[in-house]
Structures are given as C-alpha cells and as structure tokens.
1. Kindly indicate the residue of the range B:65-81 that is farther than 22 Å from B:I147 by Cβ and within 7 Å of chain A (Cβ to nearest Cβ) and also surrounded by the most Cβ atoms within 10 Å (Cβ to Cβ) among those meeting that condition.
2. Which of the strands (runs of 3 or more DSSP E) contained wholly in the range A:188-241 include at least 2 residues that are within 18 Å of the chain's Cα centre (by Cα)?
3. Going by the structure shown, is A:E249 within 11 Å of chain B (Cβ to nearest Cβ), open to solvent by less than 30 Å² (accessible area, probe 1.4 Å), closer than 30 Å to A:L305 by Cβ and in contact (Cβ under 8 Å) with a residue 24 or more places away in the chain?
4. Can you pull out the residues in the range B:26-64 that are in a strand (DSSP E or B), open to solvent by 20 Å² or more (accessible area, probe 1.4 Å), within 12 Å of another protein chain (Cβ to nearest Cβ) and not aliphatic (A, V, I, L, M)?
5. Could you list all residues from the range A:252-269 that are away from chain B (no Cβ under 14 Å) and acidic (D, E)?
6. Residues in the range A:286-297: is at least one open to solvent by 20 Å² or more (accessible area, probe 1.4 Å) and assigned to a loop (DSSP other than H, G, I, E, B)?
7. Taking the range A:299-315 as the region of interest, how many residues are closer than 19 Å to A:A134 by Cα, assigned to a helix (DSSP H, G or I) and open to solvent by less than 30 Å² (accessible area, probe 1.4 Å)?
8. For A:L167, all conditions in the list (1) open to solvent by 40 Å² or more (accessible area, probe 1.4 Å); (2) in a helix (DSSP H, G or I); (3) more than 18 Å from B:E77 (Cβ to Cβ) hold save one; what is the number of the exception?
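The values are calculated or read from the model by the stated rules, or taken from the named source; none is laboratory data. Everything numeric in this text was worked out from a predicted model, so none of it was measured. No Cβ is skipped: glycine too gets one built from the backbone with ideal geometry, and neighbour counts run over all protein chains shown. With ligands, DNA and RNA removed, areas are computed over all heavy atoms of the protein, side chains included. Shrake-Rupley method; radii C 1.70, N 1.55, O 1.52, S 1.80 Å.
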Amino acid sequence: MTELWRATASRENLLKRADIYAQIRQFFTVRDVLEVETPLMTSAAVSDPYIDTIACRYHPIPGQQEEARYLQSSPEYGMKRLLASGSGAIYQICKAFRNGEAGRRHNPEFTMLEWYRPGFDHLQLMDEVEALVAPILNIESCHRVSYGELFQHYLNINPHTASAAELAVLARQHIELDMEDENRDNWLNLLMSHVIEPKLAERGAVFVFDYPATQAALAKVATDSDGQAVACRFELFYAGVELANGYFELTDGEEQARRFHQDIEQRRAEGLPQRPVDNLLVDALNAGMPECAGVAMGLDRLTMLALNSIQISDVIALPFDRA
Amino acid sequence: MCVNFAVVLISTSGYLLPIYIEIVMANYSSNQFKNGLKIMLDGDPCSMVDVEFVKPGKGQAFTRVKMKNLISGRTWERTFKSGESVEGADVMDTDMEYLYSDGEMWHFMDPNSYEQVAADSTAIGDAHLWLKEQDKCLVTLFNGNPISITPPNFVELKVTETDPGLKGDTAQGGSKPATLQSGAVVRVPLFIEEGEMLKIDTRTGEYVSRA
C-alpha cells in the first residue's frame with residue numbers, strides 16, 4: 001500500500017484554512033457584499049489563449065446524446081451576468097479548473113475567491129484587497145508600483161514601447177531558453193515571471209498596476225500620465241508569488257466581442273485548442289453591466305503564504321496527484 | 001533521439017558472433033521533468049536538481065529547472081517551454097569497490113559482476129583524497145564510463161604524518177594538520193599520533209573521531 005491515500009495538509013493547516021474562509025466571509029458580510037454561486041460546468045469556455053479549459057461530457061440520457069461542457073477556469077463570466085442582472089456587489093468562493101497547471105504553486109483544481117464592486121475602479125479595489133489580505137498575511141500594508149516603473153527599475157526598459165526583438169535580447173541575457181516568438185507579451189510575461197517576480201519577494205506585498213494595453217484581458221484601457229495607453233488592471237504579489245488579478249471591468253459589449261475574436265485568432269495562429277466563446281457574456285454587457293471593478297484571488301496560495309509555506313500541497317488536503 | 005550501439009559477443013558452437021543491440025534513450029516532455037531526471041543537454045549528461053512549473057495567470061507555461069552538468073559539475077538554470085522535450089541520458093549510479101590507482105587512472109570493480117571500470121582524474125575530482133582500497137564508492141556511469149565518484153560519507157584512514165601528540169591534552173581545543181594514507185591533509189586534535197586510524201566525514205573533509 002502506498003501513502004497516496006493520506007492527506008498532504010496537516011490538520012493544523014486545515015484549521016488555518018477554515019479560519020481564513022471564515023475571515024473572508026465575515027469581511028464581506030460587514031461590507032454588504034452578497035455571496036453567490038455560478039455554474040462550475042458551463043457551455044462556453046474562457047477565451048484567454050494560455051488558459052486551457054478542461055472539457056467534460058454531459059449526457060441528457062445516460063450514455064447518449066453527448067454534449068460538451070467545460071469546467072470553469074474562473075467564475076468571471078457568470079458573475080458578470082449576475083451583475084448585469086442587478087445583483088449589486090457580489091463575491092464567490094469556488095473551485096476553478098485548468099489543464100496542465102500542476103506544480104509546486106499550481107493545482108489543476110484550485111480554489112478561487114472572486115468579487116465585484118459596482119461603483120469602484122481598480123484603484124479603490126486595490127485598497128479593499130489590501131484591507132482583506134493584510135490581517136490574513138499579518139502585514140502592515142502593500143506597496144504600489146506601475147508595471148512600467150518595475151521594468152524600468154529592474155530591467156531598464158520601457159515595457160510599453162520596446163519591440164519583441166529588444167525584449168527577446170533582454171530575456172536571453174537573463175534566461176537560458178530555446179524560444180522564438182514575435183509576440184511582445186510573451187517576452188514580457190517571461191521577464192516578469194523569471195526575472196522580476198523573484199525580486200519582488202524582498203518587497204513583501206506589492207500591487208503592480210497599469211499593465212500594457214495588450215494585456216488588458218477584460219479590463220478597460222486608459223491613458224496614463226505619460227500619454228501611454230495602459231490596461232486598468234492590477235496584480236498582487238506577495239513573497240514573489242502571484243496572488244490576485246483585478247480589473248476596472250470592461251463594460252462595452254462590442255469591445256468585448258472584438259477581444260474574444262482577437263483571442264480566437266491568436267489561438268488559431270498558435271495552433272491552440274478552439275473552444276466556444278461565451279456570447280451570453282457579450283449579451284449581458286450589451287444589456288448593461290454596471291461600471292465596476294473585480295478581482296480574482298487564489299485562496300490556496302493565500303493560505304500557503306499566510307502559513308509561510310512554499311508549496312500548495314501543504315494547504316490542499318488531497319492535491320491533484322492524490323485526487 | 002539517442003541511439004547507442006553496443007557490440008555483444010555471443011558464443012554459439014565455438015564461434016563468437018557480434019550482435020548489435022540498439023539502445024534507444026527515451027525522450028522526456030517538460031511535464032515529465034522531476035528532480036533527479038538525467039537528460040542530455042549540449043552533448044553533456046545533466047541531472048535535474050530542482051524543477052519548477054512557472055505560469056503567470058494569463059501567460060504561457062514554462063518549466064524552470066536547476067540543472068547540474070554531470071561532467072563539469074556546473075549548476076545553472078535552464079527554462080523549457082511547455083511541451084518541449086529532451087533526450088534522456090544513459091546515466092547510472094552503481095555501488096563499486098575501489099581497487100587501486102596506477103597513477104593515472106583509478107580502478108573500480110562491480111562486486112556482483114566483477115566488471116571493472118577505470119576513472120580518470122576529471123571523474124575522480126577530489127574523491128581521490130578519501131579513497132582506500134576495498135571501500136565501496138558510488139560510481140556514476142555515463143554510457144558505461146565513469147564520470148563521477150562519490151566516496152562513502154565516512155571513511156577510516158590512517159595518519160601517516162603529523163607533529164608529535166601532546167600528552168594529557170585529550171579534551172582541550174586546538175588542532176594541527178595530519179596527513180592521511182590517502183594523501184589528504186585534515187585538521188585533527190593535538191593528541192592524535194602517527195599510525196592512528198581516524199574517522200573522516202568526506203562531505204566536509206573534517207575529522208570526526210578516532211576510528
């Protein structure tokens with residue numbers, strides 16, 4: 001008999017995890033944010049080219065008339081449809097699923113906390129994220145630095161204007177890797193994850209904001225004080241670990257449809273799997289979603305970091321290889 | 001894909017027939033990487049010391065590996081794209097008995113098959129400081145040739161030369177150099193005499209106790 005039946009998280013860690021869940025629910029109860037649930041098994045999938053949805057099969061009659069369903073990779077689309085339906089401020093704690101994401105800090109099935117605040121922009125939401133995580137991580141406050149400043153500081157390059165070729169040269173100076181790519185964002189992500197993130201560890205908790213406009217995903221695009229187009233997007237890093245991703249949400253249905261199309265094109269060009277896009281999200285935005293900011297946070301990672309652990313299996317009772 | 005041909009001589013009715021056996025090394029995809037996996041990189045066998053899956057929420061997936069070159073001993077970081085595959089290395093760790101050195105090569109024997117291999121000074125590295133005939137060592141073979149030797153964690157070696165011991169000084173601090181039968185020079189307590197057997201930790205090169 002192997003030891004694979006046994007939980008990898010200690011009872012002490014599971015207690016801490018449950019305590020963090022209780023703190024989160026208390027936090028949102030006090031602030032009048034409604035706890036909701038949206039489907040885990042959906043008819044459409046996320047469009048992000050580098051998030052691969054796990055497909056599953058639904059049979060209206062057992063064994064017959066198979067229909068494709070997709071395990072959600074984030075509750076974003078469903079929650080936005082609730083916002084457009086008039087839900088007001090909402091939060092959700094749910095499982096999310098992603099193909100291929102297994103490692104020390106990844107589990108293909110993980111727990112996400114996601115919330116939306118009508119009337120907030122991303123800067124106000126950063127303050128609220130800070131208010132939630134500071135007591136859990138036992139920190140005073142979070143630093144705030146723009147994506148541009150970060151690249152200027154650590155790599156002496158302007159991430160908004162540098163060409164793919166320039167970024168490739170820079171990446172190869174720091175990273176030994178066999179890669180050819182004309183997509184600037186792939187080089188930026190590589191430099192961010194391999195060079196900058198490890199250095200952020202010494203800064204404690206850091207909000208990075210004003211991402212390149214090409215990395216807006218579902219965030220609005222605005223112009224910064226230098227006249228540079230930037231995404232109204234932020235991420236929170238703690239101990240060099242990516243912990244949360246937030247947007248001042250795109251509410252323009254036509255722009256949303258255009259970005260879906262762009263993702264489909266990129267998937268086609270790179271030979272990535274094609275999945276049905278969520279036209280119901282586009283319909284919801286066209287019907288009118290309130291101006292709002294939203295953020296998604298990895299709860300396994302939050303718990304891991306609160307416990308000063310370095311591997312997610314310390315806080316997931318039965319991780320993927322034992323699931 | 002790495003293909004090695006081994007020539008094996010098979011005896012049938014008095015004749016020796018050469019038979020070519022094809023040894024095909026497996027390829028490993030980035031998702032199969034794990035600590036201890038031996039692969040070929042730029043012609044050298046390397047071992048994975050630490051494997052980390054790196055993927056920003058919205059970005060591409062990579063596997064960042066701390067590698068050790070098993071020939072040069074150099075460690076460094078190498079990043080692989082998701083799905084990138086590499087060729088496995090025919091590297092094997094074997095327990096072998098140290099026989100002798102002819103001044104140029106160090107000879108080892110597999111105690112089960114009695115097969116002998118000879119390691120050159122590059123493969124031996126600092127291990128020669130701790131070798132004593134008949135001690136068991138870990139011999140790392142690449143395509144059948146030794147590329148590194150790991151002596152036992154603890155060895156017992158005789159002192160061949162040291163300053164005379166100080167009588168009565170058995171507990172107080174203070175140390176002096178002593179040359180051991182293998183040629184290594186270690187710091188030992190003042191009371192140690194020539195001819196004594198000492199227990200040495202080969203990982204640190206430090207004196208542990210009298211043997």
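1. Out of the qualifying residues, it is B:T79.
2. Details: elements: A:205-212, A:221-223, A:229-238.
Once the strands (runs of 3 or more DSSP E) in the range A:188-241 are filtered for at least 2 residues that are within 18 Å of the chain's Cα centre (by Cα), what remains is A:205-212, A:229-238.
3. Details: within 11 Å of chain B (Cβ to nearest Cβ): no; open to solvent by less than 30 Å² (accessible area, probe 1.4 Å): yes; closer than 30 Å to A:L305 by Cβ: yes; in contact (Cβ under 8 Å) with a residue 24 or more places away in the chain: yes.
No, not satisfied.
4. Quick first cut of the range B:26-64, residues in a strand (DSSP E or B) only: B:27-29, B:38-41, B:44-54, B:62-64.
Narrowing further to those that are open to solvent by 20 Å² or more (accessible area, probe 1.4 Å): B:27-29, B:38, B:40, B:44, B:49-53, B:64.
Still in the running and within 12 Å of another protein chain (Cβ to nearest Cβ): B:29, B:50-53, B:64.
Once the filter is applied, which keeps residues that are in a strand (DSSP E or B), open to solvent by 20 Å² or more (accessible area, probe 1.4 Å), within 12 Å of another protein chain (Cβ to nearest Cβ) and not aliphatic (A, V, I, L, M), the range B:26-64 yields B:S29, B:D50, B:E52, B:F53, B:R64.
5. Residues satisfying the conditions are A:D252, A:E254, A:E255, A:E265.
6. yes
7. So the answer is 7.
8. Here A:L167 meets the rest and fails (1).
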